[in-house]
Amino acid sequence: MSTGSNIHNKAITNTSNSPYVKLKSINFGDCKWSSGFWSEKVKVAEERMLPYMGDLLCGDIGHGLNNFKIAAGEKEGVHKGFYWHDGDFFKFMEAKVYIYGQTKDTSILKELDEYIEIIEKAQEEDGYIHTHIQITEGADRFENRKYHEMYNFGHLFISASVHNRITGQHNFLDIAIKQADLLYTYFMPDTKHYQRFGFNQTQIMGLVELYRTVKDKKYLKLAEKFINRRGTFEIKHDSTTVGYPIGDMVQERTPFRESEEAVGHAVLALYYYAGAADVYAETGEKELIDALDKLWENVTGKKMYVTGAVGQAHYGASTSLDMIEEGFIDAYMMPNMTAYNETCANLCNAMFSSRMMGLKGESRYADIIELVLYNSGLSGISLEGKDYFYSNPLRMVNNSRDYGANDNATESPVRESYLECFCCPPNLVRTICKTSGWAYNLSENGVAVVLFGGNNLNTTMLDGSALKLSQDTEYPWKGFVKITVDACKNDAFDIQIRIPKWAVGSMLKVNGEDANVTINPGTFATINRIWRAGDIITLDMPMEIKRLEGHNRIEETRNQIAIKRGPIVYCLETPDLPKNTSILNAYINGGAQLEAIHKPDFLEGVTVIETELLLREDRNQDMYQEISKPVFKTHKTQLVPYYSWSNRGQAEMTVFIPVLWNN
């Protein structure tokens, strides 16, 4: 099997030569959205999301570029924004690279070159670049992990690697290499001072991606070193942890290979797990994959919301009673109103699952990717593309996030035009911009269809042969997908079609005839045959409306249901209730009809679920009160996709709705 570096070296995660990856990434740009849902979202990203974000980050609101200019000596001033703001700017640049990869717009390259020139001037002679430390008096290198140096470096390495692959230029990559070489000098030796250093372990992913880009194995060894050191020391407060929780909060209580439970800050944890998956892809160490399997099962099976969101609590404690923020708490403890579900954490859940799918070659991981993309990912940005949510609860009541300790913009009841903690917006926009790179993967002798949407694939298979497919569908609103083989080799090969777990009763045909393959929801259906140009595969997935209940240990959803159709989770929002009616007084009639109605001119084109609610008269505010038989009024209403809520003004919302069954 040929996986020549000159053939498959332009992927988002370049797994072309990763020996322990079963499904390889396609080159970015080989797949282009042509119509439908994701085509429209990427167009919004190109035309509205990124220009608006650029105005923020390159002006006096977002500070990102200004910090680099100050460090470069081109501007006077002090560092503004959080410590990790450099990383936010690198993610913004990465999103720009993806748009260039699709459009080949040379003005984007010119813009990126201008940023890179400033960053290069800001970089110190030995390679160090972290604007907060460079600009701020009294802040020293690698003295306090709360400064998030590792986080910024990781995003630098990833963004620069992607920039090099897609543009062919080395100017950004050279900056990353200098910083990585310096990191190796500091952290490869077994010094006690640096044994536990690092708050957000993004540098592990970044180092592996840099290794894949320049083929220097020292970067892979350093990535593995960061994993090996975690959890190997006595946990105590010291100068590098002042002001922050320790232990499980930063995944340092348990060595990675002994980990069985997702703990601590959800973003920190999932970036860490994704990095470990990247290391396993290169080394094949069994202890790593065994731990990864347990952690993925724990996240998705015991600590994930119906929307694919993760990170149940703003503040809380781990099962080891370490204080945590924005992270995982006990299994099945799933509050609705106080669910934190940081947008970054949700996206990291998809990133982790994407890597696990590559390693295992199993479609169940893609179900999580899709769940996040259509629900808890997209909910982080307005339909217009200019306003953001940091946290994504499953219920909003009285327009209060109810977190108790913080009332800043990250917990606003409406999306904000700028978040002081700006990590989520560029993370989400870069994810939208790169979705086409997740649509297909390459198997040993074939291709796997991972995401559905109108697109054209023009790629090279792992044996060097050309393959062209085109996909036509109105997914996610309709379950019919048509895939046409436009060009292929003469020998037999596999086309694997993902059958989502929810798609029970799906039918798969080739040229109008039954495909005669096993169809199990939650797996790939593999069709092996000699294909010819003009062959047509059709997948017909029943888009039944599902009533979902939570696990019986989830007290917060007992006697409530959520509504899901295809990959879309729905919610009830107060604009669809009588005036001055709280969602707390709404019950769903369990036996009422649920009808899907597509509204092309509503919320930029969505399918709603029309049904009947039972509205209870408002109750007093006593904490407990005697109950009499309640009186209900029926109300015809609609449920809207969760990602589209809060686009009609300030509102209350709930995903889980109390249910009354007429037995």
**Study point:** Residues that are over 24 Å from L57 (Cβ atoms), touching a Pro at 6+ places or on another chain (Cβ under 9 Å) and not charged (D, E, K, R), drawn from region 374-401
**Key:** Y374, N375, P393, L394, M396, N398, N399, S400
Revision key, fill the gap. For V267, the lone unmet condition from (1) touching a Cys at 6+ places or on another chain (Cβ under 6 Å); (2) not in a helix (DSSP H, G or I) is (2)
Point to revise | Residue list for region 61-77, restricted to those being on the phi < 0 side of the Ramachandran plot, surrounded by fewer than 24 Cβ atoms within 10 Å (Cβ to Cβ), part of a loop (DSSP other than H, G, I, E, B) and of a type outside the set (V, I, T) | key: A72, E74, K75, E76
Review point. Given region 120-199, what helices (runs of 4 or more DSSP H) lie entirely inside it while holding 3 or more residues that are modelled with pLDDT of 95 or more and surrounded by fewer than 19 Cβ atoms within 10 Å (Cβ to Cβ)?
Key: 171-187
**Study point:** From L442, L371, residue being buried (at least 24 other Cβ atoms within 10 Å of the Cβ) and either under 22 Å from H8 (Cβ atoms) or at pLDDT below 95 (or both)
**Key:** L442
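Kindly evaluate G247 against the criterion of being at positive phi, buried (at least 20 other Cβ atoms within 10 Å of the Cβ) and assigned by TED's automatic domain parsing to the domain that holds H155.
Criteria met by G247.
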**Study point:** Selection count, region 250-272, where residues are surrounded by fewer than 24 Cβ atoms within 10 Å (Cβ to Cβ), out of contact with any strand residue (DSSP E or B) (no Cβ under 9 Å at 6 or more places or on another chain) and either among the charged types (D, E, K, R) or touching a residue at least 60 places away in the same chain (Cβ under 8 Å) (or both)
**Key:** 3
Review point. What number of residues within region 129-186 are over 28 Å from the mean Cα position of the chain (by Cα) and among the hydroxyl-bearing types (S, T, Y)?
Key: 4
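Within region 473-483, track down each residue that is under 26 Å from E595 (Cβ atoms) and of a type outside the set (S, T, Y). Spell out how you get there, then give the answer.
First, pick out the residues of region 473-483 that are under 26 Å from E595 (Cβ atoms): 473-482.
E474, P476, W477, K478, G479, F480, V481, K482 - these are the residues of region 473-483 that are under 26 Å from E595 (Cβ atoms) and of a type outside the set (S, T, Y).
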Practice item. Consider I537 carefully, then state whether it is in contact (Cβ under 8 Å) with a residue 60 or more places away in the chain and crowded, with 18+ Cβ neighbours inside 10 Å. Key: no
Point to revise | Unique residue being under 19 Å from the mean Cα position of the chain (by Cα) and of a type in the set (G, A, S) when the list is A223, A262, A281 | key: A262
Exercise for review: Determine whether D55 is out of contact with any Leu (no Cβ under 8 Å at 6 or more places or on another chain), surrounded by fewer than 19 Cβ atoms within 10 Å (Cβ to Cβ) and part of a loop (DSSP other than H, G, I, E, B).
Suggested key: no
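The values are calculated or read from the model by the stated rules, or taken from the named source; none is laboratory data. This structure is a prediction, so every number in the text was calculated from the model and none was measured. Because the Cβ atoms are built from the backbone with ideal geometry, glycine has one as well, and the counts that use them run over all protein chains shown.
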